[in-house]
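Q: Next up is a structure, given as structure tokens.
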Amino acid sequence: QVQLVESGGGLVQPGGSLRLSCAASGSIESIKAMAWYRQAPGKQREEVAYVPTGGTAGYEDSVKDRFTISMESAKNMGYLQMNNLKPEDTAVYYCHSEIGFVSGGEYREGEFWGQGTQVIVSS
């Protein structure tokens, strides 16, 4: 059906930047929205950024003015640019997308998750 694969995580020093990518593949008709979540050890998964296709992005307060979410719908790609990273940004980051796809010859809509990519912010 549909798969999401994240990349771009890694170890970065405080104040540094990373760009996460999310590649969607499968019988995709349209990407309706994309979001990035994160889950730190011992904490619940939280949404940090969300953007509907053609709409306005929204951000969790702690990442506003530091993170930017974007999409290249024609390429079925999503991105999260993270600047001025802080140790508290350390987490596994997950891509989530609302997608229209074809299955069994029929159009369907569903929500999909990637497997996650680790981001560690440490000196």
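The values are calculated or read from the model by the stated rules, or taken from the named source; none is laboratory data. Everything quoted here is computed from the prediction, not taken from an experiment. Cβ sites come from the backbone with ideal geometry, for glycine too, and all protein chains shown count toward neighbours. Surface accessibility is based on the protein's heavy atoms, side chains included, excluding ligands, DNA and RNA. Shrake-Rupley method; radii C 1.70, N 1.55, O 1.52, S 1.80 Å.
Q: In debye to the nearest 20, how big a dipole does the range 56-102 give about its Cα centre with +1 on each Lys and Arg Cβ and -1 on each Asp and Glu Cβ?
A: 140 debye
Q: How high is the relative contact order of the chain, in percent, counting Cα pairs under 8 Å that sit 6 or more residues apart?
A: 37 percent
Q: Further question on the same structure: Determine which lysines satisfy two conditions relative to Lys43: a Cα distance under 21 Å, and not lying fewer than 8 residues away in the same chain.
A: Excluding near neighbours in sequence, the set is Lys64, Lys86.
Q: Given springs between every Cα pair under 10 Å in a Gaussian network model of the chain, which of Leu80, Leu11, Leu20 has the largest fluctuation?
A: Judging by the Gaussian network model, the answer is Leu11.
Q: In Å², what does the accessible area per residue of the chain work out to with a 1.4 Å probe?
A: 52 Å²
Q: Now, a different point. Quick one: check the C-alpha center-to-center distance for the range 29-49 versus the range 62-108, whole angstrom.
A: Centre-to-centre distance over Cα atoms comes out at 7 Å.
Q: For the chain, give the percent of accessible area contributed by carbon and sulfur heavy atoms, probe 1.4 Å, rounded to a whole number.
A: C and S atoms contribute 44 percent here.
Q: Using a 7 Å offset from the Cα along the Cα-to-Cβ direction at both Ser30 and Met77, what is the distance between the two label points in nm, to one decimal?
A: Each label point lies 7 Å from its Cα, and together they span 2.3 nm.
Q: Placing unit charges on C-beta atoms (Lys and Arg positive, Asp and Glu negative, everything else neutral), compute the dipole magnitude of the range 1-55 about its Cα centre in debye, rounded to 20.
A: Here the size comes out at about 140 debye.
Q: Would you mind classifying the chain by shape? Square roots of the alpha carbon gyration tensor eigenvalues, ordered a ≥ b ≥ c; an a/c under 1.5 is rounded, otherwise it is prolate if a/b is larger than b/c and oblate if not.
A: Taking the square roots of the gyration eigenvalues as a ≥ b ≥ c, the chain is prolate.
Q: Compare the Cα positions of Ala74, Val12, Thr90 along the charge dipole of the chain (+1 at Cβ of Lys, Arg; -1 at Cβ of Asp, Glu; about the Cα centre) and return the one farthest towards the positive end.
A: Looking along the dipole axis, the top candidate is Val12.
Q: Okay, moving on. Place a +1 charge on the Cβ of each Lys and Arg in the chain and a -1 charge on the Cβ of each Asp and Glu, then give the dipole magnitude about the Cα centre in debye, rounded to the nearest 20.
A: For this selection, approximately 280 debye.
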